[in-house]
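Since the structure comes first, as structure tokens, the remarks are kept for the end.
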Amino acid sequence: MKGLIIVGVDGSDTAERAAREAVALAVATDAKLHFVTAMTKSKDLNVGTSGEAWHISSHDQAEQLLDDIAQRLSPPGLERSTAVLAGKPAEVICAEAGRVHATMIVVGNARMQGVKRVLGAIASDVAHRAPCSVYIAKTT
């Protein structure tokens with residue numbers, strides 16, 4: 001059975017660097033790669049002109065972000081998937097890892113202030129909650 005690596009992305013440079021590490025790990029281990037992003041609030045917008053109506057949401061934007069990152073970073077042949085989930089990033093990533101039986105989660109070590117300055121709040125939370133191994137990519 002192939003391994004499954006999860007990487008959380010949010011459009012930041014730090015998350016993209018972590019995603020690049022996740023891609024390299026997936027290629028090296030012949031694993032599948034699952035890109036995940038967390039949404040804490042959804043802002044929906046209904047747009048209508050000339051009798052036509054469109055529904056635009058931040059969920060749509062998050063899906064587009066994930067698709068763009070996955071396509072841009074993934075080499076041909078890499079099996080990948082994406083998920084936009086509601087909730088706090090660390091909680092969403094860990095819950096998704098459990099749901100899909102991930103073998104590894106990749107997160108960046110984004111610098112923060114205070115006690116979590118070296119590791120980053122999300123990386124620290126994921127490392128403590130993860131149902132699988134965690135790879136912390138040096139992204140700063």
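Read-outs throughout are calculated quantities, based only on the coordinates presented, and are distinct from any laboratory measurement. Note that this is a predicted model, so its numbers are computed, not measured. Quick reminder, even Gly has a Cβ in these numbers, built from the backbone with ideal geometry, and neighbours come from all protein chains shown.
Across segment 10-26, coupling constants 3J(HN,Hα) worked out from phi with the 6.51/-1.76/1.60 Karplus curve, θ = phi - 60°, read 9, x, 7, 4, 4, 5, 5, 5, 5, 5, 4, 5, 4, 4, 4, 5, 5 Hz, and Gly and Pro carry x.
In terms of surrounding Cβ atoms within a 10 Å radius of their Cβ, ASP125, ASP60 rank from fewest to most as ASP60, ASP125.
What the phi angles of segment 134-140 give under the Karplus curve with 6.51, -1.76 and 1.60, with θ = phi - 60°, is a coupling list of 10, 10, 9, 7, 6, 10, 10 Hz, glycine and proline written as x.
Amide H contacts under 5 Å for ARG80: LEU33, restricted to partners 5 or more places along the chain or on a different chain, H placed in the peptide plane at 1.01 Å from N. Charged neighbours of VAL27, selected by a Cβ distance under 13 Å, balance to +1 (K, R count +1; D, E count -1). In this structure the amide hydrogen of ALA137, modeled in the peptide plane, comes within under 5 Å of the amide hydrogens of VAL107, GLY108, ASN109, none closer than 5 places in sequence on its chain.
Each residue of segment 103-109 is assigned a 3J(HN,Hα), and the resulting list reads 9, 7, 10, 10, 9, x, 9 Hz, derived from the Karplus form 6.51 cos²θ - 1.76 cosθ + 1.60 (θ = phi - 60°), x at Gly and Pro.
For MET39, the residues 5 or more places off, or on other chains, whose built amide H falls under 5 Å of its own are LEU85, ALA86, GLY87.
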